[in-house]
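S.K.: Starting off with a structure, shown below.
The values are calculated or read from the model by the stated rules, or taken from the named source; none is laboratory data. All values derive from a computational prediction rather than experimental measurement. Cβ placement follows ideal geometry from the backbone for every residue including glycine, while neighbour counts extend to all protein chains displayed. Accessible surface areas use protein heavy atoms only, side chains included; no ligands, DNA or RNA. Shrake-Rupley method; radii C 1.70, N 1.55, O 1.52, S 1.80 Å.
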Amino acid sequence: TFPMLAGFAYLSEEIIYVLLGEKWLSMHSYFRFFSIICMLSTIGQMSTSFFLSQGKAHLHLKLNLFTQSVKIAFLLIGVNWGASGVLLAFACATILSFSSTIYLLSKFLSFRLMDLIKTFAKTVFITITMIVLLFSINIATSIDGSLLTLIINSSAGFIIYITLNFLLKNKPFFELNKLFLSKFLRNSRTKAT
């Protein structure tokens, strides 16, 4: 999700223009903001599988009750300052929710924050490098047209991301591919029989 959300943030204007039209272009900054802040959410959402697989659904429920209550409280406060207040409230609530989820998981799995950072370091580095390279390509080529920009950047981003993962031997990337391929092959065999 990191490269996809980073791509959404980077190409927010083009995505809004192509999908919704020129009238909605002012929304691109909100789209960019939510794309960036949701990167944290995707990490925190992995906790659901852990809690359910370990028979700790009750802890997951308690955590969700806490985090959702915090989000509602922050949003009720933020709404007093309009759209900017809601965005700031959402960001603060997401960070607090992420932090509490990671804290609880670290207690059960006995890992340190540094372990988590090391796990995601290559993926984050590759994602940032992909965006920098896309930015360089856009400056060098000066592509005209939102749809063409979107198509070229999406294709180039995909190729850059895959290539960098192979060059840097990003272990989570290979594990995800292996998992995806095993599921895909199993579904293909099931449909064939």
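S.K.: Could you point to the residue in Ala140, Tyr17, Leu113 farthest towards the positive end of the chain's charge dipole, with +1 and -1 charges on the Cβ of Lys/Arg and Asp/Glu respectively?
M.R.: Highest projection toward the positive end goes to Leu113.
S.K.: Please go through the residue pairs Lys62/Lys178; Lys56/Lys169; Lys122/Lys178 and name each one whose alpha carbons sit more than 27 Å apart in this structure.
M.R.: Over 27 Å apart, Cα to Cα: Lys62/Lys178; Lys56/Lys169.
S.K.: If you don't mind, another one. What accessible area per residue comes out for the chain, rounded to a whole number of Å², with a 1.4 Å probe?
M.R.: Spelled out: the 1.4 Å probe surface of the chain, per residue, equals 65 Å².
S.K.: With a bin width of 10 angstrom, please list the P(r) values of the stretch 15-88 as percents of all Cα-Cα pairs, from the 0 bin to the one holding the largest distance.
M.R.: Calculated over all Cα pairs of the stretch 15-88, the distribution is 16, 32, 30, 18, 4 percent.
S.K.: Under the Kirkwood approximation applied to all pairs of distinct alpha-carbon atoms, what is the hydrodynamic radius of the chain in Å?
M.R.: Evaluated over the chain, this radius sits at 19.3 Å.
S.K.: Could you state the number of Å between the C-alpha centres of the stretch 89-125 and the stretch 49-69?
M.R.: Using only Cα atoms to place each centre, the spacing works out to 16 Å.
S.K.: Put a dot 7 Å past each Cα toward the Cβ at Lys183 and Ser155; how far apart are the dots in nm?
M.R.: According to this spin-label approximation, the distance is 2.8 nm.
S.K.: Do any trypsin sites (Lys or Arg not before Pro) in the stretch 86-193 lie in a DSSP loop with no more than 11 other beta carbon atoms within 10 Å, and if so, which?
M.R.: Loop-located and lightly packed - Arg112, Lys169.
S.K.: Related question: I'd like the FRET efficiency for Ser53 and Ala140, computed as 1/(1 + (r/R0)^6) with the beta carbon distance as r and R0 of 45 Å, rounded to 0.05.
M.R.: 0.45
S.K.: Shifting gears a bit: Using only C-alpha positions, report the orientation-averaged shadow area of the convex hull of the stretch 72-114, nm², one decimal.
M.R.: 3.3
S.K.: Moving on to the next point. For a Förster distance of 30 Å, can you work out the FRET efficiency between the beta-carbons of Met27 and Leu168, rounded to the nearest 0.05?
M.R.: 0.30
S.K.: In the chain, carbon and sulfur make up what percent of the accessible area (probe 1.4 Å)?
M.R.: The value for the chain is 71 percent carbon and sulfur by accessible area.
S.K.: Which of the helices in the chain, when you take each full DSSP H run, stretch at least 18 Å along the axis at their Cα atoms and have an average Kyte-Doolittle score of 0.0 or higher?
M.R.: Those that clear 18 Å and a mean of 0.0 are 28-45, 57-78, 82-109, 113-141, 146-167.
S.K.: Here is a further query. Output needed: percent of Cα pairs per 5 Å distance bin for the stretch 136-180, bins running from 0 to the one holding the longest distance.
M.R.: 5, 20, 20, 19, 12, 12, 10, 3
S.K.: Given bins 5 angstrom wide, list per bin the percent of all Cα-Cα distances in the stretch 108-164, short to long.
M.R.: Calculated P(r), rounded to whole percents: 4, 18, 21, 17, 11, 9, 8, 6, 4, 2, 0.
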